[in-house]
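The values are calculated or read from the model by the stated rules, or taken from the named source; none is laboratory data. Owing to the predicted nature of the structure, the values given are computational and were not obtained by experimental measurement. When we count neighbours, we look across all protein chains shown, and the Cβ atoms used for this are built from the backbone with ideal geometry, even at glycine. Note: accessible area is taken over every heavy atom of the protein model, side chains too, but ligands, DNA and RNA are not part of it. Shrake-Rupley method; radii C 1.70, N 1.55, O 1.52, S 1.80 Å.
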Amino acid sequence: MFLKIGQRGIRHLQRSSTASFTTVSASSIEKGQNRVVDASLTLIRERAKLKGELVRLLGGAKASTSLLGVPLGHNSSFLQGPAFAPPRIREAIWCGSTNSSTEEGKELKDPRVLTDVGDVPVQEIRDCGVDDDRLMNVISESVKLVMEEEPLRPLVLGGDHSISYPVIRAVSEKLGGPVDVLHLDAHPDIYDCFEGNKYSHASSFARIMEGGYARRLLQVGIRSINKEGREQGKRFGVEQYEMRTFSRDREVLENLKLGEGVKGVYISIDVDCLDPAFAPGVSHIEPGGLSFRDVLNILHSLQGDVVGADVVEFNPQRDTVDGMTAMVAAKLVRELAAKISK
């Protein structure tokens, strides 16, 4: 049996003077895919071991944040620019225009607060024909490799919001039970299957709730929701806090206590939870959102053991105001790192 190789591979073969065919055996494709996946996981594993060993040698950390990039954009329903976000966020984190301390006084240059294990090579994996089912498994396994190196905890840089499903699945499976999830977003991302794609960035929280990976799901900043979004919310018992009632809900949201009786708290921040006045570099611009200080007040006041987090949907291709949204995403990462590390 023979299969056609991926489009990029075909173009490469067509450009090559030594290539006389554009098909390879199914077994050869599978072997190649396995090698690429194994190499990708080995890369994350060895980096995590190195950073974990460093933190353990320094001592004194019960939990330490480790960045993991997942540059995935193809599950977006509109623009795929979020795939380019992780390097831009990293650049902004260490930008010389600001210092390396968080608002609560933690020093990011201390490896016990923040380390970095690099990116899952999403495009390389997809180029060899790996489908989304397996890609999601690779993302989950990468997160678990980080968590194996105590006291590292994952802070994932997206990428579109589809990455939250494999990440939260991995955190829940690795810890041995569900977590409470605080989800800040303009959209509930809970469609059953958006535009025929079960892994769409608009369906990630349906997959999370179906899998039993979250006990409580609190969605904050919602202002673009339709009938299906509300029905799905009721189906899964989601606590949806819409922007139209934010002034009424503020006291509750700035006094959250989560994670009791489960394995901890996971925080997922879609940058478009913010009003576009604060973060214009997103694919889905939705006016009427949270201020940046609203978000920080919610994060700073949250009581609970934060076991992981992600920052997603920053689109550098739309960040036209002198990199402002990159700095916003970086500030979110910095404050999340302070929240996770202890």
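Any chance segment 191-200 includes a residue that's in contact (Cβ under 8 Å) with a residue 24 or more places away in the chain and surrounded by 24 or more Cβ atoms within 10 Å (Cβ to Cβ)? For segment 191-200, residues in contact (Cβ under 8 Å) with a residue 24 or more places away in the chain and surrounded by 24 or more Cβ atoms within 10 Å (Cβ to Cβ): absent. Regarding segment 61-77, can at least one residue be identified that is in a helix (DSSP H, G or I), surrounded by 16 or more Cβ atoms within 10 Å (Cβ to Cβ) and at pLDDT 90 or above? Among the residues of segment 61-77, not one is in a helix (DSSP H, G or I), surrounded by 16 or more Cβ atoms within 10 Å (Cβ to Cβ) and at pLDDT 90 or above, which makes the answer no. Across segment 39-54, the qualifying residues are those that are among the small types (Gly, Ala, Ser) and within 19 Å of the chain's Cα centre (by Cα), and the one among them that is surrounded by the most Cβ atoms within 10 Å (Cβ to Cβ) is Ala48.
Could you tell me whether any residue of segment 169-177 is among the hydrophobic types (A, V, I, L, M, F, W, C), in contact with a Leu (Cβ under 9 Å, 6 or more places away or on another chain) and either within 20 Å of Leu299 (Cβ to Cβ) or open to solvent by less than 30 Å² (accessible area, probe 1.4 Å) (or both)?
Just the residues of segment 169-177 that are among the hydrophobic types (A, V, I, L, M, F, W, C), to begin with: 170-171, 175.
Cutting the leftovers down to in contact with a Leu (Cβ under 9 Å, 6 or more places away or on another chain) gives us none.
Looking for residues that are among the hydrophobic types (A, V, I, L, M, F, W, C), in contact with a Leu (Cβ under 9 Å, 6 or more places away or on another chain) and either within 20 Å of Leu299 (Cβ to Cβ) or open to solvent by less than 30 Å² (accessible area, probe 1.4 Å) (or both), one finds none in segment 169-177, hence no.
Examine segment 139-149 for a residue that is in a loop (DSSP other than H, G, I, E, B) and buried (at least 19 other Cβ atoms within 10 Å of the Cβ), and state whether such a residue exists. So far as segment 139-149 goes, yes, one or more of its residues are in a loop (DSSP other than H, G, I, E, B) and buried (at least 19 other Cβ atoms within 10 Å of the Cβ).
If you check Leu218, Leu182 for being in a strand (DSSP E or B), touching a residue at least 24 places away in the same chain (Cβ under 8 Å) and surrounded by 23 or more Cβ atoms within 10 Å (Cβ to Cβ), only one passes: Leu182. In segment 66-94, what residues are of a type in the set (S, T, N, Q) and in contact with a Pro (Cβ under 7 Å, 6 or more places away or on another chain)? Passing the criteria: Ser66, Ser76.
Kindly provide the set of residues from segment 79-122 that are modelled with pLDDT under 95 and among the aromatic types (Phe, Trp, Tyr), ordered by number. Hits for segment 79-122: nothing passes.
For segment 78-118: of the residues being in a loop (DSSP other than H, G, I, E, B) and hydrophobic (A, V, I, L, M, F, W, C), which is nearest to Ser341 (Cα to Cα)?
Val113
Each residue in segment 98-115 was checked for being touching a residue at least 60 places away in the same chain (Cβ under 8 Å), more than 15 Å from Glu335 (Cβ to Cβ) and surrounded by fewer than 22 Cβ atoms within 10 Å (Cβ to Cβ), and 2 pass.
So in segment 119-131, with the set limited to residues that are in a helix (DSSP H, G or I) and closer than 27 Å to Thr65 by Cα, which one is most open to solvent (accessible area, probe 1.4 Å)? Write out each step before concluding.
Pass one, segment 119-131, residues in a helix (DSSP H, G or I): 122-127.
Those still in the list that are closer than 27 Å to Thr65 by Cα too: 122-125.
Values: Val122: 4, Gln123: 83, Glu124: 109, Ile125: 0 Å².
Looking at residues that are in a helix (DSSP H, G or I) and closer than 27 Å to Thr65 by Cα, I get Glu124.
A search for C-beta distances below 6 Å between a residue of segment 51-76 that is within 13 Å of Ser164 (Cα to Cα) and any residue that is open to solvent by 40 Å² or more (accessible area, probe 1.4 Å), counting only pairs 6+ apart in sequence or on different chains, returns Gly69/Asp119; Pro71/Asp119; Gly73/Gln80.
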